[in-house]
Amino acid sequence: MTPPSTALADLRVDVKSIDPALLGRRIRHARQRAGLTQGDAAGTDMSTAYISRIEAGQRRPGADLLIALAERLHCTPEELLAPDDSVVTYDAEVVARLTLELDYGDLSLRTGSPNDALGHADVVLAEAERTSAVPPGLRRQAALMRAAALESLGRPD
C-alpha cells in the first residue's frame, strides 16, 4: 500500500499537470450531479467565488482542497484528475436518495436508535451491491455507519 504522504505528493503532481479548464468542467459536472450549489461545494474550506473560478478554469485547487471538494461531491480526487474522460458519473437522484438515507441514519445514531441507523446503512449497502450507481464515498459512509451502529448495539463484529 502506498504511504499517505507519497499518495498526497502524487496527487499534488497530478493537480499541477491537469488542464485547469478540464478539471473545472469535471468539478462542475460532479457538483451538478451531486445536486449542490457552488456555495454547498465550497463548504467552509473555500469561498463560492473560488469555486466559480475553479469551474471556469481560472484557478487550480491545491491537493488538500481537491480532497475536501471531492468528498463533498461524492467522488474521489482521482476521478476528477483521470487522464481521460472516463470519469464515472452518478445519477443525481440516486445520490440524493442515498444521501438522505445516510442523513436519516446519522440522525438515528445521534438520537440513540442504532437499529434504525443499521437499517438505513443496509439500504445503501444493498443498493451498492446491486448496482454500480452508488458512489464510492456513499458506500464508505454506509459501511462506517453500519460499523458504528453495530458497535452501539454491542456487536463489534
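The values are calculated or read from the model by the stated rules, or taken from the named source; none is laboratory data. Keep in mind it's a predicted model, so treat the numbers as computed, not measured. Glycine gets a Cβ as well: all are built from the backbone with ideal geometry, and neighbour counts include every protein chain shown.
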So which residues in region 34-48 are surrounded by 14 or more Cβ atoms within 10 Å (Cβ to Cβ) and closer than 15 Å to V95 by Cβ, if there are any at all? A34, L36, D40, A41
Inside region 142-157, the number of residues satisfying the requirement of being surrounded by fewer than 17 Cβ atoms within 10 Å (Cβ to Cβ) and of a type in the set (K, R) is 1
Search region 143-156 for residues that are at pLDDT below 95 and pair each with any residue that is charged (D, E, K, R) when their beta-carbon atoms are under 7 Å apart and the residues are at least 6 apart or on different chains. none
Going by what's in this entry, would S113 be described as outside the structural domain of C75 (by TED's automatic domain parsing) and over 30 Å from H29 (Cα atoms)? yes
A careful count of residues in region 9-33 that are under 27 Å from V95 (Cα atoms) and in contact with a helix residue (DSSP H, G or I) (Cβ under 6 Å, 6 or more places away or on another chain) gives 8
Residue check: is G62 surrounded by fewer than 17 Cβ atoms within 10 Å (Cβ to Cβ), in contact (Cβ under 8 Å) with a residue 24 or more places away in the chain, over 27 Å from L100 (Cβ atoms) and not assigned by TED's automatic domain parsing to the domain that holds Q141? yes
Which number in (1) more than 18 Å from Q141 (Cα to Cα); (2) of a type outside the set (K, R); (3) surrounded by fewer than 15 Cβ atoms within 10 Å (Cβ to Cβ); (4) modelled with pLDDT under 90 marks the one condition that L81 misses? (3)
State all residues of region 104-126 that are of a type in the set (K, R) and buried (at least 20 other Cβ atoms within 10 Å of the Cβ); if no residue qualifies, say none. none
Name the residues in region 127-141 that are of a type outside the set (D, E, K, R), closer than 14 Å to T99 by Cα and either surrounded by fewer than 19 Cβ atoms within 10 Å (Cβ to Cβ) or modelled with pLDDT of 95 or more (or both), would you? A133, P136
